[in-house]
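Data block below; observations after.
The values are calculated or read from the model by the stated rules, or taken from the named source; none is laboratory data. Predicted model, so just to flag it, every value in this text is computed and none were measured. Because the Cβ atoms are built from the backbone with ideal geometry, glycine has one as well, and the counts that use them run over all protein chains shown.
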Amino acid sequence: MSRTTLAPEASYETELSAAPADVTYLTTLFVNVVMIGTPNPLATMSDWVLVDAGIPFHAARVAAFARRRFGANPPRAILLTHGHFDHVGSLRALLRRWPQTPVYAHLLELPYLTGRSAYPPPDPTVGGGLMTRTCPLFPHRAYNFRPNVMPLPADGVVPFLPEWRWIHTPGHSPGHVCYFRESDRTLIAGDAFITQKQESLIGALTRATVVHGPPTYFTPDWISARSSIETIESLQPRYAITGHGLPIANPQLAHYLHLLSTRFDQVAMPADGRYVRQPAWSDESGTVWVPPPVPDPVPKVLAAVAVAAAGFAIARAYMKRTRA
Ligand SMILES: [Zn+2]
Ligand SMILES: [Zn+2]
């Protein structure tokens, strides 16, 4: 499938000029976590919020980054865009440091965060690329973050952030949300759309900016994913940090969202796949029904070699980054 590439330099320029002073992010290997709050390393009271918790084994890095920016105090809250393993991988270790910190997620995401339900299995046949081939190895079981985890307030209010509201953007997961601040139209998009080709190992690690819908192998409802893009476009965001890839700002962001919403089937949705044929069903208890798997055109032996190669490359990249 052809992808529309945006010049990465453009993202760097707009990021520098458009980034709000109180919103920053840190990349945990290939997943972004976001911190909201005015930098004040001498602060005596907590006045910041963390959005998402990154991949496993990154709690110390996230905490050290936060300490330099906000001082030693824990965040007032941890807000989740959704509960996939790459966004909550370091959450347990962070809660060991910050045991009193509440964690908020959408009501429909809670079954996967309170031990009640597993996500639908990922689909290794969509998107191509080595990351897709390794996705059966990614955890999709239920995590249990009780007693810290609780539902976001039903009225769209974001705890501790009066200027922000949460927007339900299902599709990539049932209770996926974005966080949006109207005053400067800043968006934290999670995986509703991303700015890199996450399915490709090279794309995930080199971070070339491309127009991209939600990560394909983990998206079980493409109909909802498409309408979520329309919801996001209607907000007219000016600056966005996505779950994967570099931040993006206007005018590139508006152009990017317009391409996604008008050509969703061509640029975002796989041509075929388990959840392209039929979406998975879920409710407040979690996953209710999943469609049957589709035949995998890649022979098992080739798929296994790809998984081994990808595992090796990820481990090398991880060792390199943690040593750096
Ligand atoms: Zn995700
Ligand atoms: Zn993700």
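Say whether the condition of being touching a residue at least 60 places away in the same chain (Cβ under 8 Å), more than 16 Å from ligand 1 (Cβ to nearest atom), out of contact with any Asp or Glu (no Cβ under 6 Å at 6 or more places or on another chain) and closer than 17 Å to residue 241 by Cα is met by at least one residue in the range 95-116. Taking every residue of the range 95-116 in turn, none turns out to be touching a residue at least 60 places away in the same chain (Cβ under 8 Å), more than 16 Å from ligand 1 (Cβ to nearest atom), out of contact with any Asp or Glu (no Cβ under 6 Å at 6 or more places or on another chain) and closer than 17 Å to residue 241 by Cα.
Hey, any hits in the range 64-84 for a residue that's in a helix (DSSP H, G or I) and within 16 Å of ligand 2 (Cβ to nearest atom)? No: the range 64-84 contains no residue that is in a helix (DSSP H, G or I) and within 16 Å of ligand 2 (Cβ to nearest atom). Restricting attention to the range 169-195, and to residues there that are away from ligand 1 (no atom under 13 Å from the Cβ) and out of contact with any strand residue (DSSP E or B) (no Cβ under 6 Å at 6 or more places or on another chain), which single residue is farthest from residue 237 (Cα to Cα)? By that ranking, first place goes to 183. So for the range 22-29 (the condition being surrounded by fewer than 24 Cβ atoms within 10 Å (Cβ to Cβ) and more than 29 Å from residue 197 (Cβ to Cβ)), does at least one residue qualify? Among the residues of the range 22-29, at least one is surrounded by fewer than 24 Cβ atoms within 10 Å (Cβ to Cβ) and more than 29 Å from residue 197 (Cβ to Cβ), which makes the answer yes.
Counting just the residues of the range 231-249 that are under 22 Å from residue 197 (Cβ atoms) and part of a loop (DSSP other than H, G, I, E, B), which one comes out farthest from ligand 2 (Cβ to nearest atom)?
Among residues in the range 231-249 that are under 22 Å from residue 197 (Cβ atoms) and part of a loop (DSSP other than H, G, I, E, B), the one farthest from ligand 2 (Cβ to nearest atom) is 237.
For the range 203-216, the criterion of being out of contact with any strand residue (DSSP E or B) (no Cβ under 9 Å at 6 or more places or on another chain), surrounded by 24 or more Cβ atoms within 10 Å (Cβ to Cβ), hydroxyl-bearing (Ser, Thr, Tyr) and at pLDDT 90 or above is met by at least one residue. Exactly one residue out of 28, 5 is modelled with pLDDT under 90 and among the polar types (S, T, N, Q): that is 5.
The criterion of being modelled with pLDDT of 95 or more and within 11 Å of ligand 2 (Cβ to nearest atom) does not hold for residue 220.
What is the residue count in the range 159-199 for residues that are part of a loop (DSSP other than H, G, I, E, B), away from ligand 2 (no atom under 16 Å from the Cβ) and either basic (Lys, Arg) or under 22 Å from residue 18 (Cβ atoms) (or both)? Selection size over the range 159-199: 6.
Against the conditions (1) surrounded by fewer than 22 Cβ atoms within 10 Å (Cβ to Cβ); (2) at pLDDT 95 or above; (3) among the small types (Gly, Ala, Ser), residue 228 satisfies every one except (1). Take the residues in the range 242-255 that are of a type outside the set (A, V, I, L, M) and in contact with a Phe, Trp or Tyr (Cβ under 8 Å, 6 or more places away or on another chain), then tell me which one is nearest to ligand 1 (Cβ to nearest atom). So the residue we want is 244.
Only residues that are farther than 17 Å from residue 220 by Cα, modelled with pLDDT of 95 or more and in contact with a helix residue (DSSP H, G or I) (Cβ under 9 Å, 6 or more places away or on another chain) were counted in the range 114-143, giving 1.
When we screen 53, 43 for residues that are modelled with pLDDT of 95 or more, part of a loop (DSSP other than H, G, I, E, B) and aliphatic (A, V, I, L, M), the only hit is 53. Every condition in (1) surrounded by fewer than 23 Cβ atoms within 10 Å (Cβ to Cβ); (2) more than 16 Å from ligand 2 (Cβ to nearest atom); (3) β-branched (Val, Ile, Thr); (4) under 23 Å from residue 178 (Cα atoms) holds for residue 36 except the one numbered (1).
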